[in-house]
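Below: the structure, in structure tokens.
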Amino acid sequence: MAEEQARATGAPRLVRDGGTPAVAFFDIDGTLIYHDPERLRQENELRAAGKQVEWSEEPVRPAVHRAIDRMRANGHYALVCTGRPVSILPEPIRQIEFDGVVAEAGAYVELGGSVIRESHIPFDLLVETARRFVDAGIDVDMESNVHNIELYPSGAPRMFPGAEVVRTLDEFCALASGLGIAKFCTHGATSEQLAPIMPFIREHYTACDLQHGTTEFSMIGFDKGAGIAAVLEHLNHGRERTFAFGDSENDLSMAPAVETFVAMGNALPGVKKRADYVTDDAAFDGVATGLAHFGLI
């Protein structure tokens, strides 16, 4: 099996104890990268007031970067498993050598430089979804591996660097055709604001609380767990010696897909309840602590 796995990613896997290589999946926001909740709260308040505040990326803590490097040097696999599209993977993550990425909450999977899964929201459904957000006056980030479209009928300024901002449904459709939108998020929209469109949303999408006022919507049947399953099938790797680290609701789908689900110390209560192990807060190198606890570094 080890030789088959090595061929699958083009990288030899010589595990020091002679056993099966472990495979670990890491969420980004709140897991590999710590975001100060107070800073996010203040930025959301400024955006709500119409101020231009673009998203600023935090660094990966040095101990976490070293831990990923040591894990891979020990012969194990490390993959990013994020709701983000590839287009907004932060530079601190790109600077770490991972074996692959599960992106767009499972709609996109890349392993060893090869794309093994990519799915998009059907365009007719996407247009109808966008229309409902515009009619409700709710700002929404439509996410693609090419670039994001920020459909902001409220007139709010751009949030993510590199995204294109549009105000109307016609503007959105002109940009979105052929772009391959896979999921979308709201930032700061309340449950009361979303309530009128939620029956339609629940018919087609799964909604997840990402903390700090962000809600993620992905197509039913596409989640991080499904992305993990695609990776393990491609590697011909069973569920044994597989790990996933996360903090938010969209990480819960990883739990049944792996042998050991690790919640960060800053995770939502429901995520901690589902976890097999709770590690330290992301602010205190929780990924490194967890990898050490399980003997992967």
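Each value in this text was obtained by applying a stated rule to the coordinates, not by laboratory testing. Just so you know, these numbers come straight off a predicted model, no measurement behind them. Heads up, the Cβs are rebuilt from the backbone with ideal geometry, glycines too, and the neighbour counts pull from every protein chain shown.
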Q.
Kirkwood Rh and Cα-based Rg: tell me the resulting Rg over Rh for region 123-219, rounded to two decimals.
A. 0.91
Q | Net charge of neighbours whose Cβ lies under 12 Å from the Cβ of Ala107, counting Lys and Arg as +1 and Asp and Glu as -1 | A | -2
Q: Take the alpha carbon atoms of region 48-149, find their radius of gyration, then divide it by 2.2 N^0.38 Å using N residues; give the quotient.
A: 1.34
Q: Run the quick spin-label model on Ala195 and His293: label points 7 Å from Cα toward the beta carbon, then report their separation in nm to one decimal.
A: 3.9 nm
Q) In straight Cα distance, which aspartates and glutamates are under 18 Å from Lys273, not counting same-chain residues fewer than 8 positions off? A) Asp27, Asp209, Asp247, Glu249, Asp251, Glu259, Asp281
Q. In the chain, what % of DSSP beta bridges are antiparallel (nearest 5)?
A. 55 percent
Q) Arg117's amide H: which non-local residues (gap 5+, or another chain) put their own amide H closer than 5 Å, with H modeled 1.01 Å from N in plane and none for Pro or chain starts? A) Val109
Q. So what's the back-of-envelope 222 nm ellipticity for the chain, counting only DSSP H runs of four-plus at -39500 (n - 2.57) apiece and dividing by all residues, rounded to 500?
A. -9000 deg cm²/dmol
**Q.** Mean Cβ neighbour count within 10 Å, used as a protection proxy, ranking 81-87, 100-106, 163-169, 184-190 highest first
**A.** 100-106, 81-87, 184-190, 163-169
Q.
Can you give me the C-alpha center-to-center distance between region 225-297 and region 39-99, rounded to a whole angstrom?
A. 16 Å
Q: For Lys183, go through the aspartates and glutamates and keep the ones whose alpha-carbon is under 13 Å away, minus same-chain ones fewer than eight residues off.
A: Glu104, Glu118, Asp141, Glu143, Glu150, Glu216, Asp223
Q: Using label points projected 7 Å from each Cα along Cα→Cβ, tell me how many nm separate Lys272 and Phe284, to one decimal.
A: 1.2 nm
